[in-house]
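Data first, discussion second: the structure below is written as structure tokens.
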Amino acid sequence: MQDAREDSWQVYGTTLSSRLLVGTAQYPSPKILSDAIRASEAEIVTVSLRRESGGSGAGQTFWSLIRELGVRVLPNTAGCHTVKEAVTTAEMAREVFDTPWVKLEVISDDDTLAPDVIGLVEAARILSRDGFQVFPYTTEDLGIAGKLIEAGCEILMPWGAPIGSGRGLNNPYGLRAMRAHFADVPLVVDAGIGTPSHAAAAMELGYDAILLNTAIAKAGDPVVMARAFARSVEAGRLARLADPMEPRDMAAPSTPVIGRAFTAA
Amino acid sequence: MPHSSLFAKSPPRPSARVIGAGVAGLTAAFELARRGAEVELIERGESPGRGCSFYAGGMLAPWCEGESAEPLIVRLGQEALTYWTQTIPVAKRAGSLVVAPARDKPELARFARRTSAHEAIESDSITVLEPDLAGRFDRALFFAQEAHLDPRAAVAELGRRLAAMPNVTLRFGSATAPNRNVDWSLDCRGLAARDALPDLRGVKGEMLVLETHEIALSRPVRLLHPRWPIYIVPRGSGRFMLGATMIENERAGHVTARSAMELLNAAYALHPAFAEAEIVEFGSDLRPAFPDNLPRIRKNGRTLYINGLFRHGFLLAPALARMAAEIVFANAVFPEVMDADQRERQTV
């Protein structure tokens, strides 16, 4: 068994010890945002360029607050509906944040926020060719996942459930199959996580990390919820490393039944 | 003792200069003046309330705000209800209504859990309160004690009151203070005070005014939606104010197509009659906010900086004005707004 204390994972050559990535939208205040990020112990935060900035001088105070956290920034292309929009947003983010990383989202429609996987593969190909290191937000479809790898992605981020739904892991079978099929690719469950138990379950499936936003930002106390997620992600990871017992249909008493000193009359 | 009354000092009449005639400056000036101070109010604009107060929603909804704001806002905000119905009686106290589209019902449960002073009502009661919303929503939260006002009418009324007071001098259209010594300076410049308050930031808000006579509302209605909660405040004469976006962006003065679409969509979701409404106005400005989105009265010698009212200008200004007056007249201390960091103080 791997030593849990030295447990780390890698993506695009960067070694990370935290397995929780958090978004920076929808918090009650920047102060609560920064307290929650600290409590989450995340090393990577995602930021959306589209709504918040988009021009010179815009939102500078907010950006400097994010920079002060001392975490790695993973810009995202949230809200982009076409390949062209996503590529343009990624290019803009590279300039603003000075990073080749991009969390690639191409959304098929505003109602479901489901990934447009066809556009996603195309955008991933364009961006990878252009030197970006792409973190694609995708579904658990194995065929699409393969095409994303071919396009140059070194990480896959399937959804647990639709963005902001908080429903947890809609398709544990699909996520397990993906883990088995891409044994050597870093896999992150991105979106749909509602509670720490969902995050722990994903980690127990062998996922390398969890990415979430709403579940912390929209909690009554985001700072306490961030701490809860940090612990659940760690718990799930430790459980994976510890090789859990197999479930069985019949009871298996932990103490022998036969020969008990006292039995019920 | 006859000579004791002879030598009794009249209470001191401090002099104060208030800079900025938004809702924070106007209420502070009025509070000081009605307690007897000599007040000079300086504003660079030509009339009061032309900064971000101009684009405010005017909801006096302390309990609703408790959904996402800290308990301090709920507490201080309650002072606004008596202030705007009695001291400056421009508000209408008809409560506020919170509704959610059928598919976003969980949002209503969450809102109810995180707020107080509300009543869960069903279709029949919604119809009684707002006949034009009959049959559109089967559940709502009713906050009976809340009120709303027209911000532009409110600042105009404060301006008139101040102009009528003999101990008040109003200087509009002047950015610089005359070289006269005063006991106290109250800096109420909003985002323009960033030169003195570097941790202040602007949070962009966009609003729109519609006019239609096909639908009438008696009170503000909040439409919950996981991505863009929106409110509609009736302004009378068929006008409705829709607001407001909250964007961490410091470029004021323009409304994006996306925001316009979201606001209009929400209005349409509330009632299809809004689709035929006339667009009267689109507006946008920056709300001054500190990192924790809580207000401050920062004291530096004899200067008070009243700032960071964020999206709660009309809600918080009465309480902050009262506190500022108590600081000026009685050297009072209010740790909940005077500390550099309220949240850190709480955790210590």
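Distance between Cα centroids, the range A:93-124 to the range A:159-204: provide it in whole Å.
19 Å
Helix B:105-114 versus the longest principal axis of chain B: what is the Cα-based angle in degrees, 0 to 90, to the nearest 10?
So the helix axis and the longest Cα principal axis differ by about 30 degrees.
Could you provide, to the nearest whole Å², the per residue accessible area of the protein assembly as shown with probe 1.4 Å?
Working: 27280 Å² over 613 residues.
Value returned for the protein assembly as shown: 45 Å² of accessible area per residue.
How tilted is helix B:257-270 with respect to the longest principal axis of chain B? Cα atoms for both, answer in degrees (0 to 90, nearest 10).
So the helix axis and the longest Cα principal axis differ by about 70 degrees.
Give the Cα extents of the range B:14-73 along the principal axes, in whole Å, largest first.
Extents along the principal axes, in whole Å: 39, 26, 14.
For peptide A:88-94, compute the average count of partner chain beta-carbon atoms within 10 Å of each residue's beta-carbon.
Working: counts 0, 0, 0, 0, 0, 0, 0.
Taking the mean over all residues of the peptide, I get 0.
What residues qualify as long-range amide H neighbours of B:N307, i.e. H under 5 Å apart, gap of 5 or more or another chain, H built at 1.01 Å from N?
Counting only residues 5 or more places away or on other chains, the set is B:R296, B:R298.
Ignoring any ligand, DNA or RNA, what whole percent of the accessible area of the range B:73-150 comes from carbon and sulfur when the probe is 1.4 angstrom? Each step should come with its number before you reach the end.
Numbers: 1730 of 3520 Å².
Reported share for carbon and sulfur atoms: 49 percent.
Relative contact order for chain A: what percent, with Cα pairs under 8 Å and sequence separation of 6 or more? Don't skip to the answer; put the middle values down first.
Numbers: 488 pairs, mean separation 49.5, N = 265.
Averaging sequence separation for qualifying contacts and normalising by length gives 19 percent for chain A.
May I ask you to order B:127-133, A:235-241, B:40-46 by the average number of other C-beta atoms within 10 Å around their residues, highest value first? Write out the running numbers ahead of the final one.
Working: B:127-133: 15.9, A:235-241: 18.0, B:40-46: 20.1.
In descending order of packing, they fall as B:40-46, A:235-241, B:127-133.
Setting aside same-chain residues fewer than 8 positions from A:K218, which lysines have a Cα under 27 Å from its Cα?
A:K31, A:K103, B:K105, B:K204
Using the Kirkwood formula over every pair of different C-alpha atoms, what hydrodynamic radius in Å results for the protein assembly as shown?
Numbers: mean 1/r = 0.0373 Å⁻¹.
Evaluated on the protein assembly as shown, it is 26.8 Å.
Once you order the gyration tensor axes a ≥ b ≥ c over the Cα atoms, which shape class does chain B get: rounded for a/c under 1.5, otherwise prolate or oblate by comparing a/b with b/c? Numbers along the way, then the final one.
Details: a/c = 1.88, a/b = 1.80, b/c = 1.05.
Cα axes put chain B in the prolate bin.
Work out the mean other chain Cβ neighbour count within 10 Å for the residues of B:77-90 and drop it here as an integer. Please list the in-between numbers first.
Numbers: counts 0, 0, 0, 0, 0, 0, 0, 0, 0, 0, 0, 0, 0, 0.
Mean inter-chain Cβ contacts per residue within 10 Å come to 0.
Pairing the Cα long axis of helix B:151-163 with the longest principal axis of chain B, what angle in degrees results, from 0 to 90 and rounded to the nearest 10?
20 degrees
Relative contact order of chain B: what whole-number percent is it, with Cα pairs under 8 angstrom and at least 6 residues apart? Mind showing how you got there, number by number?
On the way: 730 pairs, mean separation 82.9, N = 348.
For chain B, the relative contact order is 24 percent.
Assuming R0 = 22 Å, what is the FRET efficiency of A:S108 and B:A275, from their Cβ-Cβ distance, to the nearest 0.05?
Working: r = 26 Å, r/R0 = 1.20.
Efficiency at R0 = 22 Å is approximately 0.25.
The values are calculated or read from the model by the stated rules, or taken from the named source; none is laboratory data. Quantities reported herein were computed from a predicted structural model and do not represent experimental measurements. Counting neighbours? That spans all protein chains shown, and the Cβs are built from the backbone with ideal geometry, glycine included. These area figures cover heavy atoms from the full protein model, side chains too; ligands, DNA and RNA do not enter into them. Shrake-Rupley method; radii C 1.70, N 1.55, O 1.52, S 1.80 Å.
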